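Here's the structure, in structure tokens; my notes come after.
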Amino acid sequence: MSAPLFLVESLPTADSMVLDGPEGHHAATVQRLRVGEELLLADGRGGTATAVVTAVGRGTLDLDVTGRGYVDAANPRLVVVQGIAKGDRGELAVQAMTEVGVDEIVPWAAARSVVQWRGDRGVRARGKWVATAREAAKQARRAWLPVVAGAPDESTTTVARRIAGAAAGYVLHEEATDRLTTAELPERGEIVLVVGPEGGITPAELSAFREAGARPVRLGPTVLRTSTAGVAALAVLTTRLLRW
């Protein structure tokens, strides 16, 4: 089994360090790492370090740093505009998309989103997406932490502008005739993929995205849930882009 990964604000510059705080508690108390075991540190911005445990305290680990590295940012960059879903479906989508390799997630206040993020509720909901992405990135041993956009969410107009500035934009739509598996992909830049909420994308939203340059595509003959559609589409893109 690969070494566990822990996220830190900044990587150590010295040859030793103390891992404390929430990550130290998780490593020492929850995962029960012991002297001699190896772990990974990442700053969420591509920087990494390998370390070996030399001592275990109450919620802390003493570490010897044994190596340092850097993982380049992915290019093309994969951005998923996720229609806000009810219940925990949005968080499930965020978790799985992070594990698959999404680079940025944009919470979208779609017309047919049952749940609307307003005021403090929206801030808390977006915070859950951020926390979910962070934990999923650790599970997947990712050097780059996905960005969760929005303050707390984005409008259709803002999403359209994002598509217009991207290298390519695609909208998952059950009535599309083109397939994502055969769509032309750019070699560099940003690929924006739009996933609608449970009620789907309205004709007006689809029109706005098409005018911005997006192309409606489908994955296959079945209709996927909002919590799984983005994951399936990312699997197609990461395979075609030779990330996998």
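The values are calculated or read from the model by the stated rules, or taken from the named source; none is laboratory data. Because the structure is predicted, anything quoted here is derived from the model rather than measured. No Cβ is skipped: glycine too gets one built from the backbone with ideal geometry, and neighbour counts run over all protein chains shown.
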message = Could you tell me how many of the residues in segment 145-164 are among the hydrophobic types (A, V, I, L, M, F, W, C) and over 9 Å from the mean Cα position of the chain (by Cα)?
response = 6
query = Scanning for something at negative phi, in a helix (DSSP H, G or I) and either surrounded by 15 or more Cβ atoms within 10 Å (Cβ to Cβ) or assigned by TED's automatic domain parsing to the domain that holds Arg161 (or both), does segment 180-197 turn up at least one residue?
reply = no
ask   = Can you tell me how many residues in segment 37-69 are over 26 Å from the mean Cα position of the chain (by Cα) and closer than 15 Å to Gly21 by Cα?
value = 8
ask   = When the residues of segment 200-238 are filtered to those that are in a loop (DSSP other than H, G, I, E, B) and modelled with pLDDT under 95, which remaining residue is farthest from Ala93 (Cα to Cα)?
value = Pro221
query = Restricting attention to segment 134-169, which residues are part of a helix (DSSP H, G or I) and not aliphatic (A, V, I, L, M)?
reply = Arg134, Glu135, Lys138, Gln139, Thr156, Thr157, Thr158, Arg161, Arg162
message = Every residue in segment 155-175 that is small (Gly, Ala, Ser) and surrounded by fewer than 17 Cβ atoms within 10 Å (Cβ to Cβ), please.
response = Ser155, Ala164, Gly165, Ala167
query = Has segment 157-166 got at least one residue that is of a type in the set (Ser, Thr, Tyr), closer than 19 Å to Leu78 by Cα, assigned by TED's automatic domain parsing to the domain that holds Ala136 and in contact with a strand residue (DSSP E or B) (Cβ under 7 Å, 6 or more places away or on another chain)?
reply = no
query = Just wondering, is there one or more residues in segment 82-90 that are free of Cβ contacts under 8 Å to residues at least 40 places away in the same chain, of a type in the set (D, E, K, R), part of a loop (DSSP other than H, G, I, E, B) and in the same structural domain as Thr156 (by TED's automatic domain parsing)?
reply = yes
ask   = Which residue, of Ala131, Ala96, Ala111, Ala74, is surrounded by fewer than 21 Cβ atoms within 10 Å (Cβ to Cβ), under 13 Å from the mean Cα position of the chain (by Cα), in a loop (DSSP other than H, G, I, E, B) and of a type outside the set (Val, Ile, Thr)?
value = Ala74
message = Checking the structure you have, find out if any residue of segment 39-59 is free of Cβ contacts under 8 Å to residues at least 40 places away in the same chain, among the hydrophobic types (A, V, I, L, M, F, W, C) and assigned to a loop (DSSP other than H, G, I, E, B).
response = no
request  = Confirm whether Val102 is in contact with a Phe, Trp or Tyr (Cβ under 6 Å, 6 or more places away or on another chain), within 24 Å of Val8 (Cα to Cα) and not small (Gly, Ala, Ser).
outcome  = no
